[in-house]
Structures are given as structure tokens and as C-alpha cells.
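Reading through the C-alpha cells given below for one structure.
The values are calculated or read from the model by the stated rules, or taken from the named source; none is laboratory data. This one's a predicted model, so the numbers in the text were calculated from it and none came from an experiment. No Cβ is skipped: glycine too gets one built from the backbone with ideal geometry, and neighbour counts run over all protein chains shown. With ligands, DNA and RNA removed, areas are computed over all heavy atoms of the protein, side chains included. Shrake-Rupley method; radii C 1.70, N 1.55, O 1.52, S 1.80 Å.
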Amino acid sequence: MTDIKMEEKYRLLVTQIEALVEGESDVTAVLANVSAALHDTFPERFFWVGFYSVKDEELLLGPFQGPVACFRIGYGKGVCGVAWQRGETVIVPDVEQFPGHIACSSLSRSEIVVPIIGQDGDVKGVIDIDSRDLDAFNKVDQHYLE
């Protein structure tokens, strides 16, 4: 998929998500529909889409689309924990080359994790997206997911 086509899909998705969540205040419900919308928009690219929330000094699994996942991830552990620790997006072209990668699924080959930053500047959670393909994520994904 070309970057131009990806951007078109993302732009449409942003509009769809804004309309979808308008007026909804329940965070779990919003995250559930956002993960479904992302997963459905890019089924050929996104193998797993989900959210982890910071709770009791670890990341706790939240709404997601895809196969079963790890329940808890420690600070600085795996790609999700590193994105939380750094407070910045982490793109991993090949998860087998990432030191400390947590393999929730052996089918995952590449990953992007975007921290969710609260108004106070603290990381409140992350969005984690895995692909079956190597090097599946780029700056277009990073821009729109952030």
C-alpha cells in the first residue's frame, strides 16, 4: 500500500472515529470502538490492535482486536513498556531484533506502540499495533496514530 493511499485511509478513519466517539464519555467503550475501527480499516496490515492502561505501576490490557494478549507489562519491559518509559512512539521493524521483546504471539513480526499522554504530561497508557509482516510501520502510521 502506498503512503498516499494509507494517508487517505487514515484521514477517513479520523473522521469516522470522531463521529463514532462524539458524546461518549466511557473510556472503555471509546477504546473498544477505536481498536475495532483501526483493525477493520487495515486488516491486511494490522494483526493485533489494542490498548494498555497504566494501573498500579504496570500496563494492564484493555480493549483490543485480535488473538489473546499479555495481561500485564512492566515499566520498560518489551516494546510497550519502553514506549511508556520513553514517553514516545516506538516503531520496531523486526520484533525478533528488539531486546526484551515480549512475544504474546509468535505471529507478530513488527510493531508500533504509541504512548497516550494525559493533560498532565504523564503517560496514561499505550496503543499497541502488531503486524504479521516485517517493517510494516512507518512515519505515516506514526503521524496518524499519535
Query raised in the report: How much FRET efficiency would the formula 1/(1 + (r/R0)^6) give for Glu88 and Lys55, where r is the Cβ-Cβ distance and R0 is 22 Å, rounded to 0.05?
Result: 0.60
Report summary line: So the carbon and sulfur contribution to the accessible area of the chain, 1.4 Å probe, in percent, is 50
Report summary line: Treating only Lys and Arg (+1) and Asp and Glu (-1) as charged, each at its beta carbon, one finds that the chain has a dipole about its Cα centre, in Debye to the nearest 20, of 240
Report summary line: To the nearest 0.05, the calculated FRET efficiency linking Leu20 and Leu134 through their beta-carbon distance, R0 being 30 Å, is 0.45
Query raised in the report: Along the positive direction of the dipole of the chain (beta-carbon charges: Lys, Arg +1; Asp, Glu -1; about the Cα centre), which of Ile4, Leu107, Ser35 reaches farthest?
Result: Leu107
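What FRET efficiency do you get for Lys9 and Asp120 if R0 is 35 Å and r is their Cβ-Cβ distance, rounded to the nearest 0.05?
0.60
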Query - Simple spin-label estimate for Val68 and Ala36 in nanometres, 7 Å along Cα-Cβ - result: 2.3
Query raised in the report: Tell me, what is the per residue accessible area of the chain in Å², probe radius 1.4 Å?
Result: 55
Report task. Multiply the residue separation of Leu107 and Glu44 by 0.36 nm, subtract the distance between their alpha-carbon atoms, and state the gained length in nm to one decimal. Result -> 21.3 nm
